Each structure stands twice: as C-alpha cells, then as structure tokens.
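This report concerns only the one structure given below.
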Amino acid sequence: MGIFNVTIAVANVNGDSFEEIEATVDTACDYTTVPREMLQRLGVPVSGEAISEMADGRQVPSDTGWARVRLEGREVYTPVIFAEEGEASLLGVTTLEVARLGVDPTNQRLIPVNLRRY
C-alpha cells in the first residue's frame, strides 16, 4: 500500500478552535495520533490510557482522549492518541471509518464509502 499524507483539522469536542496538521494515512493504526502539545493547547483532556503496539513490536502505554476532526469536508468525533515528541501524526482507521472514508492507495487519496449492514 502506498503511503501518503492528508491535511486534517483537530479541535476539542466543543469545536472551539481547529488547528490543521499533516497526518500520514495509516490503516494499520487504530486511533488517530496527534502531538500531545497540540491536543493540550486545544483543550483536549486525557480520558484514558491504552497499550499501543508499535511497528517494532514494543508495547507502550498511551494517553487517549476524544477530539473533533475535519477531513475531506466531513467532521467527526473520534478517539485520539496523545503522541509524544518525535512521533508521527497518523490518521487511523477508526477516524476513517467514522468519517465513512476509504483509502485509494493507487491515487493516494481518501474516497467516500457506504455503510455496510450485512
């Protein structure tokens, strides 16, 4: 699968103020990962902790919370991981599913998808 970036806008759940960020589309990542500094500035509180399995096999504790995300003309509430300094910003599959977006790796773009009920 090709790797590509998209611009997303992130805010707290009230949508008080959005900030844009470039995120790598990563369908192997469950939750969208946003820099801790940005989430704190936006007033996104930590609401839990989860163990994240990293690409190299390490398991690390990660703070999680809820944010509002805009992408491709859609706005959704989604769980996020508070990324530590030096970690990449990633657009995870949970956010893509909630926004009803799929990945077209050949053309490196996000595409609308229908809900499945079967």
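The values are calculated or read from the model by the stated rules, or taken from the named source; none is laboratory data. If you're wondering where the values come from, they're calculated on a predicted model, not measured in any experiment. Positions of Cβ are backbone-derived with ideal geometry, glycine not excepted, and every protein chain shown enters the neighbour counts. To get the accessible areas, we keep the full protein, side chains included, count just its heavy atoms, and leave off ligands, DNA and RNA. Shrake-Rupley method; radii C 1.70, N 1.55, O 1.52, S 1.80 Å.
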### Query
Would you pick out the residues in region 13-38 that are open to solvent by less than 50 Å² (accessible area, probe 1.4 Å), modelled with pLDDT of 95 or more and within 12 Å of the chain's Cα centre (by Cα)?
I21, A23, T24, V25, T32, T33, V34, P35
### Task
Look through region 50-97, keep the residues that are part of a helix (DSSP H, G or I) and out of contact with any Phe, Trp or Tyr (no Cβ under 8 Å at 6 or more places or on another chain), and return whichever of them is most open to solvent (accessible area, probe 1.4 Å).
E97
### Query
Taking the condition in a loop (DSSP other than H, G, I, E, B) and either more than 24 Å from T7 (Cβ to Cβ) or touching a residue at least 24 places away in the same chain (Cβ under 8 Å) (or both), does P45 pass?
yes
### Query
What number of residues in region 1-12 are buried (at least 17 other Cβ atoms within 10 Å of the Cβ), without any contact (Cβ under 8 Å) to a residue 60 or more places away in the chain and not in a loop (DSSP other than H, G, I, E, B)?
1
